[in-house]
Amino acid sequence: MNHNMFCYQCQEAAGGLGCTIKGVCGKDDTTAQLQDALVYAIKGLAATHQALRKQGKTDSIVGKLIWEGLFTTITNANFDPEDFISRIMQTVSYGEKLQKEHALPVPEFARISIKNEEDIDSLKKTGAILNEKDENLRSLKELITYGIKGIAAYAYHASHLGFEDDRILDFVEKALVATVQLQDMQKLVELTLETGKHGVMVMELLDRANTSSFGNPEPTHVSITTRNHPGILISGHDLKDLLELLEQTKDTGIDVYTHSEMLPAHYYPVFKKYPNFAGNYGNAWWKQTEEFESFRGPILFTTNCLVPPKESYKDRVYTTGPVSYPGLRHIPADVNGRKDFSSIIEHAKKCPPPLPIEHGEIIGGFAHATLTSLTETILDAVNKGLIKRFVVMAGCDGRMPSRNYYTQFAQELPSDTVILTAGCAKYRYNKLGLGDIHGIPRVLDAGQCNDSYSLVAAALHLQKTLGLKDINDLPIIYNIAWYEQKAVIVLLALLSLGVKNIRLGPTLPAFLSPAVLELLVETFGITAPTTVEEDLTTWGLAQ
Ligand code: SF4
Ligand code: SF3
């Protein structure tokens with residue numbers, strides 16, 4: 001079959017198979033093909049850097065090109081064909097320069113050269129996912145590539161804060177090359193687990209970067225009401241961008257609100273110092289087309305998830321970093337990495353204050369430091385039979401109606417269960433008022449999707465404290481929601497830590513071929529959720 005495009009990297013892949021005409025996310029075929037071309041060019045650069053490493057040298061620009069380049073190809077980050085063309089040119093020419101300067105012997109696939117539009121067209125064809133005809137090899141290669149996109153996003157944030165680990169980059173380069181060269185199922189399976197291990201490493205690195213820059217998250221009540229000044233809404237995951245925005249707005253009379261995955265910023269001590277850090281506005285990413293209209297002020301996207309904007313508020317949306325969309329204004333970093341947000345601030349001054357859509361507050365800030373400090377209280381509650389089970393419901397949210405499952409599941413859990421969450425999945429149940437158990441909230445939010453690692457770190461601590469042999473012996477079950485590729489690396493990280501019997505939904509990834517899925521079911525017990533009643537019964541939680 002001839003396709004204009006083929007993409008099956010996210011949970012909303014058309015028909016549960018793949019988007020072939022236009023993405024459900026709004027990505028058009030040209031952008032999809034350019035993303036494939038960029039990923040392929042990055043694989044070539046990875047091979048080039050591996051050759052340089054063999055000469056005992058490294059190049060500091062390569063990591064930046066790999067991390068940011070792959071990040072732009074994550075679902076809902078970048079919809080801008082012009083931006084992709086310039087990234088492809090930059091990646092290819094940097095590879096060529098290194099190859100020439102160091103006379104590097106690189107594999108044939110890494111000898112890419114772009115002189116005109118035809119060369120870009122031919123790279124689009126070479127990079128097309130369906131070029132790998134064997135569906136199982138393709139499945140594993142894409143599983144690894146998507147996991148690496150997740151690693152790239154987290155490594156990008158860590159390096160933004162000055163934290164890097166060359167072991168992660170070295171592995172990623174090798175794995176990217178393997179996705180082009182390797183045709184061995186068993187080796188690709190091993191590489192998938194290795195990818196998960198490096199997912200744990202990168203999340204640890206980012207955790208260190210965040211906590212040393214902004215302090216340890218602490219239990220915090222976050223306002224979801226609005227104030228009476230003009231505001232700027234900041235979305236995405238980049239905490240450094242937020243810090244710069246707060247610094248630049250602090251004496252301007254402009255309030256700053258968080259949106260979606262930026263909510264957990266309120267839990268960090270450093271951001272709390274800003275009186276104009278007003279609260280959180282709205283819900284998970286997919287509701288933005290309704291909620292941005294009533295915000296009435298400018299909105300800054302630092303990373304995914306951007307939904308193609310409506311005309312009614314398009315002129316108020318700004319992008320930065322890996323995010324770009326045709327017609328939206330982009331704030332670049334200067335040579336020192338600093339960003340000038342004055343144009344957004346001036347824009348905000350001309351806007352009316354946001355209209356409230358909700359009232360009250362929500363609580364979060366239960367990352368590993370807090371959870372670890374609560375170990376005794378938690379164990380006491382477990383021993384007294386007040387808490388019977390912890391349910392990890394971390395991950396992403398999405399617009400499919402089937403995700404109501406998660407709201408219903410949370411609602412119907414018995415009152416002696418505690419939900420551990422991270423990522424935007426929490427918006428399905430964090431405003432239900434599920435109460436607390438002797439002061440321990442029944443929804444413990446650790447933070448962003450990358451902070452899912454925090455939940456596992458806390459689980460490992462509990463395992464050690466209780467002297468249990470296996471992490472699966474803890475009274476913890478996993479009912480995880482996924483959407484984009486950062487969730488893929490979170491999943492692979494959990495698997496590499498030995499977590500079994502994860503339910504992954506609302507539907508399993510389209511990129512898992514039947515044989516690869518069977519392998520995951522046999523080895524790790526991964527299944528899709530069924531119905532709330534059936535799943536609660538299976539877990540012995542039906543009331
Ligand atoms: Fe389709 Fe998801 Fe790919 Fe967008 S990212 S084109 S929705 S599979
Ligand atoms: Fe959400 Fe886009 Fe994944 Fe970071 S913001 S969890 S979907």
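The values are calculated or read from the model by the stated rules, or taken from the named source; none is laboratory data. Every value quoted in this text rests on a predicted model; they were computed, and no experiment measured them. Backbone-built Cβ (ideal geometry, glycine too); neighbour counts: all protein chains shown. Remember, those area values only see protein heavy atoms, side chains included, never the ligands or the DNA or RNA. Shrake-Rupley method; radii C 1.70, N 1.55, O 1.52, S 1.80 Å.
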Please state which one of Ala394, Ala369 is touching a Ser or Thr at 6+ places or on another chain (Cβ under 8 Å) and open to solvent by 10 Å² or more (accessible area, probe 1.4 Å).
Ala369
Being over 22 Å from Ala178 (Cβ atoms) and among the charged types (D, E, K, R) narrows Asp119, Asp134 down to just Asp119
Scan the stretch 1-19 residue by residue and report those that are in a loop (DSSP other than H, G, I, E, B), of a type outside the set (A, V, I, L, M, F, W, C) and more than 9 Å from ligand 1 (Cβ to nearest atom).
Asn2, His3, Asn4
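Conditions tested, residue by residue: (1) in a helix (DSSP H, G or I); (2) over 17 Å from Glu261 (Cα atoms).
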| site | (1), (2) |
| --- | --- |
| Ser415 | no, yes |
| Val418 | no, yes |
| Ala425 | yes, no |
| Leu432 | no, yes |
| Gly447 | no, no |
| Asn450 | yes, no |
| Val456 | yes, yes |
| Tyr483 | no, no |
Looking only at the stretch 9-58, which residues are among the polar types (S, T, N, Q) and either farther than 17 Å from Arg87 by Cβ or within 16 Å of ligand 2 (Cβ to nearest atom) (or both)?
Gln9, Gln11, Thr20, Gln50, Gln55, Thr58
Residue identified as in contact (Cβ under 8 Å) with a residue 60 or more places away in the chain, surrounded by 15 or more Cβ atoms within 10 Å (Cβ to Cβ) and touching a helix residue (DSSP H, G or I) at 6+ places or on another chain (Cβ under 9 Å) among Leu517, Leu495, Leu508, Leu504:
Leu495
Spot the failing condition for Lys124; the list is (1) part of a helix (DSSP H, G or I); (2) open to solvent by less than 10 Å² (accessible area, probe 1.4 Å); (3) not polar (S, T, N, Q), and only one is missed.
(2)
Mind checking which strands (runs of 3 or more DSSP E) fall wholly inside the stretch 248-361 and carry at least 1 residues that are in contact (Cβ under 8 Å) with a residue 40 or more places away in the chain, open to solvent by less than 10 Å² (accessible area, probe 1.4 Å) and in contact with a strand residue (DSSP E or B) (Cβ under 6 Å, 6 or more places away or on another chain)?
255-258, 277-280, 299-301, 317-320
First in the stretch 394-414 and within 13 Å of Asn430 (Cα to Cα), second anywhere and at pLDDT below 95, Cβ under 7 Å, 6 or more apart:
Ala394/Ser452; Ala394/Leu455
Evaluate the stretch 143-164: report whether one residue or more is over 21 Å from the mean Cα position of the chain (by Cα) and either open to solvent by less than 10 Å² (accessible area, probe 1.4 Å) or in contact (Cβ under 8 Å) with a residue 12 or more places away in the chain (or both).
no
Scanning for something among the acidic types (Asp, Glu), exposed (fewer than 15 other Cβ atoms within 10 Å of the Cβ) and either in a helix (DSSP H, G or I) or more than 16 Å from ligand 1 (Cβ to nearest atom) (or both), does the stretch 469-478 turn up at least one residue?
yes
Please give the number of the condition Asn78 fails out of (1) under 25 Å from Ser513 (Cβ atoms); (2) touching a Ser or Thr at 6+ places or on another chain (Cβ under 6 Å); (3) within 16 Å of ligand 2 (Cβ to nearest atom).
(1)
Of everything in the stretch 169-211 that's polar (S, T, N, Q) and part of a helix (DSSP H, G or I), which residue is farthest from Phe71 (Cα to Cα)?
Gln186
Return the residues of the stretch 412-441 that are polar (S, T, N, Q) and over 26 Å from the mean Cα position of the chain (by Cα); say none if nothing qualifies.
Ser415, Thr417
